[in-house]
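Okay, structure first, notes after.
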Amino acid sequence: MSTFHWPERVTIREVGLRDGLQSIARTLPTAQKLQWIQGAYDAGIREIEVGSFVPPKLLPQLADTAELVAFAKTLPGLVVSVLVPNLKGAERAMDSGADWMLLPLSASHAHSLANLRKAPDDVVAEIAAIVEARRSRGSAIRIEVGMSTAFGCTIQGRVEEGEVLRLLNAVLALGVDRVGLADTVGYADPRQVGELFAKAREVAGEQLGCGHFHDTRGLGMANVMAALQAGETRFDACLAGIGGCPHAPGASGNVATEDVAYLMASMGMETGIDFGKLMALRAQVAQWLAGECLHGSIAQAGLPKILRTAEVIA
């Protein structure tokens, strides 16, 4: 049995501009979103999911995604991601100049029908068409498939481990660049996370590159820890813990960016994040989202005096 070694560095991808804002009815002005991107960049975040190429009539909150990509691409070293639900969205993503497109694939048949109006295998067929479109265009954009409801589903209930692994195998065979596992509805527990990430790593190797956790039942940070101990070093998080799946009633949101950054820093892992600048951005976002329910323990309690942040911030 191999000895576990804590990673020296962990990557946090800020997804609040997409996963967070899509679950909030109000539409933030584009100028504020641009400030959000700049503020996150200034705080040291180097991966941001800036929006989604879904029909504006479905999610008017994200209608300015192309403009956000264009701005984000002016920031040196920033890896810019967008979520796309289908081939048409993928074509827009390729046109936008984004670095990565994120394709959701539900391991739950029922969730897939509710979310994308297609069965999982039909989504796999669409992913095949997207991979082919990228090849025929000669596009440099990279493709990540996020396995939604990998740990359970509010509609279907149990999701079989074997089905998750079957779908991972299917998309990897198509030539996608990376896969991730998502606890879309907050059903996961740390033991389940550790076991599934270990099995997924056997299937995907280094192409398994993201953990996406919601804190719906208070286990978000424990699940991040379990994935970390299973070898994962990239995590999605939302500033102020906003966001959630429309098919997850009562969802409290994603794990908070500032809390995940603190977890890593407290254990001596580098994230590149400046807490002072990150918390200033959170305060700004809290003003823009006045009246919305925000989350996060660090925002409430502050950093402990024993955290020597200078040693763990790049």
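Quick notes on this one:
- Pick from the stretch 34-88, criterion among the charged types (D, E, K, R) and in a loop (DSSP other than H, G, I, E, B), ranking: nearest to Asp19 (Cα to Cα): Asp64
- Residues being among the hydroxyl-bearing types (Ser, Thr, Tyr) and part of a helix (DSSP H, G or I) - total across the stretch 89-139: 3
- Answer from Ala170, Ala93 - the residue that is surrounded by 15 or more Cβ atoms within 10 Å (Cβ to Cβ), of a type outside the set (S, T, N, Q) and within 19 Å of Asp236 (Cβ to Cβ): Ala93
- Some residue of the stretch 210-220 being more than 25 Å from Leu294 (Cα to Cα) and either buried (at least 19 other Cβ atoms within 10 Å of the Cβ) or free of Cβ contacts under 8 Å to residues at least 40 places away in the same chain (or both): no
- Residues of the stretch 119-148 that turn out to be crowded, with 18+ Cβ neighbours inside 10 Å and of a type in the set (Lys, Arg), as a count: 1
- The residues of the stretch 111-122 that are over 29 Å from Glu47 (Cα atoms) and modelled with pLDDT of 90 or more, listed by number, are Lys118, Ala119, Asp121, Asp122.
- Selection count where residues are in a helix (DSSP H, G or I) and closer than 21 Å to Gly20 by Cβ, scope the stretch 203-221: 2
- Complete set of residues in the stretch 264-281 that are crowded, with 21+ Cβ neighbours inside 10 Å, in a helix (DSSP H, G or I) and not small (Gly, Ala, Ser): Met264, Phe275, Leu278, Leu281
- Restricting attention to the stretch 145-163, the residues that are in contact with a strand residue (DSSP E or B) (Cβ under 6 Å, 6 or more places away or on another chain) and outside any strand (DSSP E or B) add up to 4.
- Residue check, Ala198 free of Cβ contacts under 8 Å to residues at least 60 places away in the same chain and in contact with a strand residue (DSSP E or B) (Cβ under 6 Å, 6 or more places away or on another chain): no
- Number of positions in the stretch 143-169 that are in contact (Cβ under 8 Å) with a residue 40 or more places away in the chain, over 21 Å from the mean Cα position of the chain (by Cα) and under 25 Å from Ala90 (Cβ atoms): 1
- Single residue of the stretch 173-187 satisfying the filter (touching a residue at least 24 places away in the same chain (Cβ under 8 Å) and over 16 Å from the mean Cα position of the chain (by Cα)) that is surrounded by the most Cβ atoms within 10 Å (Cβ to Cβ): Val176
- Test: Phe213 is over 16 Å from Met264 (Cβ atoms) and of a type outside the set (A, V, I, L, M): no
The values are calculated or read from the model by the stated rules, or taken from the named source; none is laboratory data. Please read these numbers as outputs of a predicted model, since none were measured by experiment. We place every Cβ from the backbone using ideal geometry, glycine too, and count neighbours over all the protein chains shown.
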